Ligand code: NDP
């Protein structure tokens, strides 16, 4: 059968764009539709604008400590409107690059929504229908806000990037990546932040020694972070939003940000009509090659709810292309993913947590906790935490976790070491870079404990 396209991609985010470009560059006929802006969550309302806001916020700490290094900065002011304007210009630039790169690679781009009609057909909102040998679902996810009295007043991470004014008081609900990052960003910019998390410590699933350390540091920096609390009701009043909390207390804020997770965007995509069963949270179920139960239909990225991170979606997209269009079955790897959380202080982490590592046998836990040189003159007591987990028997490094300035940059290279199967002696044999904070990673001689 002759198809209109060899591949039709629904969704122009990180995973979909990578797969479309690579396939087209191999000489295949590729179509891609995107209903919103090219670049997806990461570029438009995720990682990229978040990092720009993070940079803006992080200056506040430098300004604070700069006087102990001889600077005299008076009349400090911050202009939110200017930041958002600059951010918008950069996002539009990146959006264009994404679009142009697709076109340059020979991909036919449709700026409209698409829906799967049959195992080989995609129907666009514009009315056109195309046949394709393979269909790739890469539609990502959207923020989910639980339903309760007044929850309609909450904004999500989609809106927080476009606020007209910086709120004076905000309540952030949740203890995950987005909640903690925005609590930090807004606190650094001067907003009074109350963060409520229903659990016992932030960032569930990460190493608890690290998350406890960061939670303490976030509080020391001024965030009112409260645990085991949920929002019961929100009402709109003259003074702002009156929020009733599960412990019976209430608070009035200017804005409520619900950062309570994201849901795969599979609604009305036509998949269930084709007989595909979706997962528990609506995700597309796929095998290790990102293939669904319908052999011609594949899915990558957040819509599959595996590891919801941009670089992972990109890898899944590339592995899909190798498997399907290069004939080299390639699994997308989901272990030892290095990742950073842009809290203040930031976290860089790769490999197993201490609890996970313990399940593989006794673990030597190397911990260094110290005040970085940059904090000494100012008297800032915030410490960096570095943690290396080593399997006692094999001496293999199973995890590296860092909390503190530069953690996100350091962890990329620790990721290389772990990927190569480094043992503790490989770290020990590496000469330290002096004077840095990172040198602690290769100078931890004795374990703090065996776990
Ligand atoms: P997460 O899944 O990380 O966190 C959701 C948070 O909301 C959790 O603390 C969760 O609690 C809480 N929660 C969920 N439902 C409710 C509810 N009904 N009531 C109260 N609290 C609730 O989601 P995020 O929205 O923060 O981020 C989405 C994804 O985006 C992440 O999984 C991450 O992969 C990605 N991301 C990555 C970033 C990075 O790489 N730096 C930055 C931002 C996002 P509990 O823990 O109890 O379930």
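Out of the stretch 266-280, which residues are part of a loop (DSSP other than H, G, I, E, B) and either crowded, with 20+ Cβ neighbours inside 10 Å or free of Cβ contacts under 8 Å to residues at least 40 places away in the same chain (or both)? Don't jump to the end; show me each part of the working.
Start the filter on the stretch 266-280 by keeping residues that are part of a loop (DSSP other than H, G, I, E, B), which leaves 266-271, 275-277, 279-280.
Those that are part of a loop (DSSP other than H, G, I, E, B) and either crowded, with 20+ Cβ neighbours inside 10 Å or free of Cβ contacts under 8 Å to residues at least 40 places away in the same chain (or both): 266, 267, 269, 271, 275, 276, 277, 279, 280.
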Suppose we filter the stretch 439-451 for residues that are in a helix (DSSP H, G or I), in contact with a helix residue (DSSP H, G or I) (Cβ under 7 Å, 6 or more places away or on another chain) and under 19 Å from residue 209 (Cβ atoms); how many remain? 1
Is there a residue in the stretch 357-380 that is farther than 20 Å from residue 204 by Cβ, in contact with a helix residue (DSSP H, G or I) (Cβ under 7 Å, 6 or more places away or on another chain), crowded, with 22+ Cβ neighbours inside 10 Å and at pLDDT below 95? no
With respect to residue 41, is the statement that it is modelled with pLDDT under 95, outside any loop (DSSP other than H, G, I, E, B) and either over 26 Å from the mean Cα position of the chain (by Cα) or within 30 Å of residue 141 (Cβ to Cβ) (or both) true? no
Contact list, first residue from the stretch 56-76 and without any contact (Cβ under 8 Å) to a residue 24 or more places away in the chain, second anywhere and surrounded by 14 or more Cβ atoms within 10 Å (Cβ to Cβ), beta-carbon distance below 7 Å, six or more apart or interchain, is 73/66
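Yes or no, residue by residue, for (1) touching a residue at least 12 places away in the same chain (Cβ under 8 Å); (2) farther than 25 Å from residue 137 by Cβ:
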{"site": "8", "(1), (2)": "yes, no"}
{"site": "15", "(1), (2)": "yes, no"}
{"site": "23", "(1), (2)": "yes, no"}
{"site": "28", "(1), (2)": "yes, no"}
{"site": "45", "(1), (2)": "yes, no"}
{"site": "54", "(1), (2)": "yes, yes"}
{"site": "81", "(1), (2)": "yes, yes"}
{"site": "89", "(1), (2)": "no, yes"}
{"site": "99", "(1), (2)": "yes, no"}
Among the residues of the stretch 183-220 satisfying the criterion of being in contact with a helix residue (DSSP H, G or I) (Cβ under 6 Å, 6 or more places away or on another chain) and in a helix (DSSP H, G or I), which is farthest from the ligand (Cβ to nearest atom)? 189
Check the stretch 291-313 and report whether any residue there is in a helix (DSSP H, G or I), surrounded by 15 or more Cβ atoms within 10 Å (Cβ to Cβ), touching a residue at least 12 places away in the same chain (Cβ under 8 Å) and more than 16 Å from the ligand (Cβ to nearest atom). no
For the list (1) at pLDDT 95 or above; (2) surrounded by fewer than 17 Cβ atoms within 10 Å (Cβ to Cβ); (3) closer than 27 Å to residue 16 by Cβ, I need the number of the one condition that residue 114 fails. (2)
Note on the stretch 128-153: residues farther than 25 Å from residue 39 by Cβ and in contact with a strand residue (DSSP E or B) (Cβ under 9 Å, 6 or more places away or on another chain) are 129, 131, 133, 146, 148, 149, 150, 151, 152, 153
Flag for residue 263 being within 22 Å of residue 337 (Cα to Cα) and within 16 Å of the ligand (Cβ to nearest atom): yes
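Considering each of 342, 366, 298, 325 in turn, give the residue that is closer than 30 Å to residue 396 by Cα and in contact with a strand residue (DSSP E or B) (Cβ under 9 Å, 6 or more places away or on another chain).
Details: 342 fails: in contact with a strand residue (DSSP E or B) (Cβ under 9 Å, 6 or more places away or on another chain); 298 fails: closer than 30 Å to residue 396 by Cα; 325 fails: closer than 30 Å to residue 396 by Cα.
The unique qualifying residue is 366.
For the stretch 112-156, which strands (runs of 3 or more DSSP E) that fit wholly inside it have 3 or more residues that are touching a residue at least 12 places away in the same chain (Cβ under 8 Å) and within 16 Å of the ligand (Cβ to nearest atom)?
Numbers: elements: 114-118, 121-124, 129-137, 141-143.
Counting at least 3 such residues, we get 141-143.
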So the check is Cβ under 8 Å with 6+ separation or different chains; which pairs have a first residue in the stretch 220-231 that's touching a residue at least 60 places away in the same chain (Cβ under 8 Å) and a second one that's in a strand (DSSP E or B)? 231/171; 231/173; 231/196; 231/243; 231/244; 231/245; 231/256
Looking only at the stretch 241-256, count every residue that is in contact (Cβ under 8 Å) with a residue 40 or more places away in the chain, surrounded by fewer than 18 Cβ atoms within 10 Å (Cβ to Cβ) and away from the ligand (no atom under 13 Å from the Cβ) and tell me the total. 3
Restricted to the stretch 157-182 and to residues being in a strand (DSSP E or B) and away from the ligand (no atom under 13 Å from the Cβ), the residue farthest from the chain's Cα centre (by Cα) is 169
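The values are calculated or read from the model by the stated rules, or taken from the named source; none is laboratory data. Not measured: the values here are computed from a predicted model. Cβ atoms come from the backbone with ideal geometry, glycine included; neighbour counts cover every protein chain shown.
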